[in-house]
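Please treat every number below as a calculation from the coordinates, not as lab data. Everything numeric in this text was worked out from a predicted model, so none of it was measured. With ideal geometry, Cβ positions are generated from the backbone for all residues, glycine too; neighbour counts draw on all protein chains shown.
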Amino acid sequence: MDSQFIDSLKKLSGDELYKQALTFKENKDWTNYAMYLTMSANYDFDLAKRDIEDATLGKLRLLQDHKKTLAFYEATSEFSYSLYYLGHMYFHGRGLKKDGVKARDLYQAAAEKGNARAMHCLGSMYSKRNIKEIKQDYELSRKYYEMATEKGSYRSTYMLGLVYDQGRGVPADQMKAVELYKIAITRGSQQATEKLVQIYKNTNLKEQVTNTVNYFMGINKVNKLQKIYKFDSDVMDLLKENVEMRDKIDTITKGNKN
């Protein structure tokens, strides 16, 4: 990787890097998009970090020039997101031979710099049996999920809920799982919503009808109540009308405040 190119990137601000990344995205230049977006995230630019959390970005990274981005990540490996993506390339064997141990070590280095995605990947690695170089360790897995959860990771918050829901290395604790799933939902996890619906459907939580209805209305998931209670269409229509009315009142209230 050309050192002058790296030096030129390092002179830009997170905002400048992000704006250029979006231009590359519009032009479907996925290699430069990946590099500029990663560098913006390295500078702790919130919009770049948000976009990195977008699941579609993983698919876009498949279209990049892996040899070039590999050299870029190596040249900027003093930063946490570059370390994370370098570990990702070793883990998936993109542009080089798969190496689970090398991936783990790079994730570890990124985690030590505070990278929540790397913490999550470590939690995932230690939870599995099918990574031959890494011994399954539920305690370590939970530790990294907890670290990433404290950083606000919706993925790790969901997985930590799953740990308590299924009793992976800890006594099963469904109420703890419910608490974590609810936090994960507020952070954007769709999987947590489905798990929560199953718990409400299959436990005595559904007997708390008012609380349950209010909760799912509050997170704009009224349709999930049909799965729990099998309400008829008239009841569902009434609930949806109540949500629409609440939203209109909220809009009017906010408008008056402004």
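Being assigned to a helix (DSSP H, G or I) and surrounded by fewer than 20 Cβ atoms within 10 Å (Cβ to Cβ) is the filter here; which residues of the stretch 86-109 pass it?
Scanning the stretch 86-109 gives HIS92, GLY100, VAL101, LYS102, ASP105, GLN108, ALA109.
How many of the residues in the stretch 178-227 are under 21 Å from the mean Cα position of the chain (by Cα), surrounded by fewer than 19 Cβ atoms within 10 Å (Cβ to Cβ) and of a type in the set (D, E, K, R)?
Adding up the residues that qualify gives 5.
So which residues in the stretch 148-185 are hydrophobic (A, V, I, L, M, F, W, C) and under 26 Å from LYS113 (Cβ atoms), if there are any at all?
ALA148, MET159, LEU160, VAL163, LEU180, ILE183, ALA184
Filtering the stretch 41-55 down to residues that are loosely packed, with under 13 Cβ neighbours inside 10 Å and part of a helix (DSSP H, G or I), which residue is farthest from the chain's Cα centre (by Cα)?
ASP46
Quick check on this structure: which one of GLN208, GLN174, GLN136, GLN166 is among the polar types (S, T, N, Q) and closer than 25 Å to LEU238 by Cα?
Unique residue meeting the criteria: GLN208.
Please count how many residues of the stretch 149-177 are farther than 18 Å from ASP137 by Cα, surrounded by fewer than 24 Cβ atoms within 10 Å (Cβ to Cβ) and of a type in the set (Phe, Trp, Tyr).
1
Which one of the conditions (1) assigned to a helix (DSSP H, G or I); (2) under 15 Å from the mean Cα position of the chain (by Cα) does LEU83 fail to meet, given that it meets all the rest?
The failed condition is (2).
Mind checking which residues of the stretch 1-40 are assigned to a helix (DSSP H, G or I) and aliphatic (A, V, I, L, M)?
ILE6, LEU9, LEU17, ALA21, LEU22, ALA34, MET35, LEU37, MET39
Would you be able to tell me the number of residues in the stretch 1-57 that are polar (S, T, N, Q) and in contact with a Leu (Cβ under 6 Å, 6 or more places away or on another chain)?
So the answer is 1.
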